[in-house]
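Encoded as structure tokens, the structure appears first; notes follow it.
Coordinate-derived values only; no laboratory data. Values in this document were obtained by computation on a predicted structure and should not be read as measured data. Cβ coordinates were reconstructed from backbone atoms using ideal geometry, including for glycine residues, and neighbour counts include every protein chain displayed.
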Amino acid sequence: MEDLQLLTEVGAKIKKVRIGKKLSQNELAMLCKFEKASMSRIEAGKTNVTLLTLYKISRALDVGIADLVTH
């Protein structure tokens, strides 16, 4: 799998879970203590997220990290 494709898929999964939880991008960013612009880049697959970032997002969404990185 291409690197950019992986980042895009992870970002799309985060967005799908966020929408399912009825959270705005800004609300999720605030829960994670990120800037909204950072969350936007993550969901768009334009940034390579760290394990710590994925952990914070998964905690805020109340899902496991694996739920955000698997198909």
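See the values below:
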read-out: Thr47-Lys22 FRET efficiency (beta carbon distance; Förster radius 22 Å; 0.05 resolution); value: 0.35
read-out: Inter-label distance, nm, simple model (7 Å from Cα along the C-beta direction), Asp67/Ser38; value: 2.2 nm
read-out: Relative intensity, log₁₀ I(q)/I(0), of the stretch 1-52 from a Debye sum that treats every alpha carbon as a point, q = 0.18, 0.32 Å⁻¹; value: -0.53, -1.29
read-out: Vicinal HN-Hα couplings computed from phi for the stretch 60-68 (Karplus, 6.51 cos²θ - 1.76 cosθ + 1.60; Hz; Gly/Pro x); value: 5, 8, 6, 9, x, 4, 4, 5, 8
